[in-house]
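I have a structure here, written as structure tokens, and I will follow up with some questions on it.
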Amino acid sequence: MAAESNAVHGGRRRHVLLFPLPYQGHLNPMFRLAGLLHARGFAVTVFHTHFNAPNPARHPQYRFVPVPDGTSGPAPVAIEDVVAQILALAAACESAFRDRLDAVLEEYSRDDVACLIADAHLLPIFEVAAKLAVPTLALRTGSAACFKCFAAYPMLFEKGYLPVKGMSVP
């Protein structure tokens, strides 16, 4: 019952706003989370880029808000291209997302928005949400092993193992 009370505020359903990174390894976990939250009584709004946009017909119970991302051209193939595309996509979305988020907050009422859950790689999205005082959570879609490596970086730097001495980057 406690979960249901979190999903209702003043007799109205609360909204959870989601913004996944537009890659399958990020979209799928975000939509799994959306399903769990929706089953608990939350209304779900999904912000999405034009690049690799999800199909709203597959999730008729959710609201979809497109965010222009300035992308065009073929999908990247090299890892360097993917990293560059993620950074460019996040930066390109910032202004349009601010406008879309502001409109959604005005429509729903700030009290009805429980939080925004954004992919951890979309850093500008967190800055926009903070400026608009929207509680925000990061969804990291990596494995437990990936998280353990990520969490170990500060200790590796502290002990002097990183950066690797004498190793050149090509």
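Can we say ALA88 is modelled with pLDDT of 90 or more and not in a loop (DSSP other than H, G, I, E, B)?
Judged against the criteria, ALA88 is not a match.
Out of segment 136-168, which residues are under 25 Å from GLN24 (Cα atoms), exposed (fewer than 11 other Cβ atoms within 10 Å of the Cβ) and not hydrophobic (A, V, I, L, M, F, W, C)?
Those that are under 25 Å from GLN24 (Cα atoms), exposed (fewer than 11 other Cβ atoms within 10 Å of the Cβ) and not hydrophobic (A, V, I, L, M, F, W, C): SER143, LYS148.
Next question. Checking ALA133 against (1) over 19 Å from GLN24 (Cβ atoms); (2) touching a helix residue (DSSP H, G or I) at 6+ places or on another chain (Cβ under 7 Å); (3) outside any helix (DSSP H, G or I); (4) at pLDDT 90 or above, only one condition comes out false. Which one?
(2)
Take the residues in segment 93-125 that are closer than 15 Å to VAL67 by Cβ and without any contact (Cβ under 8 Å) to a residue 12 or more places away in the chain; name whichever of them is farthest from the chain's Cα centre (by Cα).
Here the residue is ALA103.
Listed here are the residues, each with its yes/no results for (1) in a helix (DSSP H, G or I); (2) of a type in the set (Val, Ile, Thr); (3) in contact (Cβ under 8 Å) with a residue 12 or more places away in the chain; (4) touching a helix residue (DSSP H, G or I) at 6+ places or on another chain (Cβ under 7 Å).
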{"site": "GLU127", "(1), (2), (3), (4)": "yes, no, yes, no"}
{"site": "CYS149", "(1), (2), (3), (4)": "yes, no, no, no"}
{"site": "LEU156", "(1), (2), (3), (4)": "yes, no, no, no"}
{"site": "PRO163", "(1), (2), (3), (4)": "no, no, no, no"}
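For ALA53, which of the numbered conditions (1) more than 21 Å from LEU27 (Cα to Cα); (2) without any contact (Cβ under 8 Å) to a residue 60 or more places away in the chain; (3) out of contact with any helix residue (DSSP H, G or I) (no Cβ under 6 Å at 6 or more places or on another chain); (4) outside any helix (DSSP H, G or I) fails to hold?
Every condition holds for ALA53 apart from (1).
The values are calculated or read from the model by the stated rules, or taken from the named source; none is laboratory data. In this text the structure is predicted, and so the values were computed from the model without any measurement. A quick note on method: Cβ atoms are made from the backbone with ideal geometry, for glycine too, and the neighbour counts reach across all protein chains shown.
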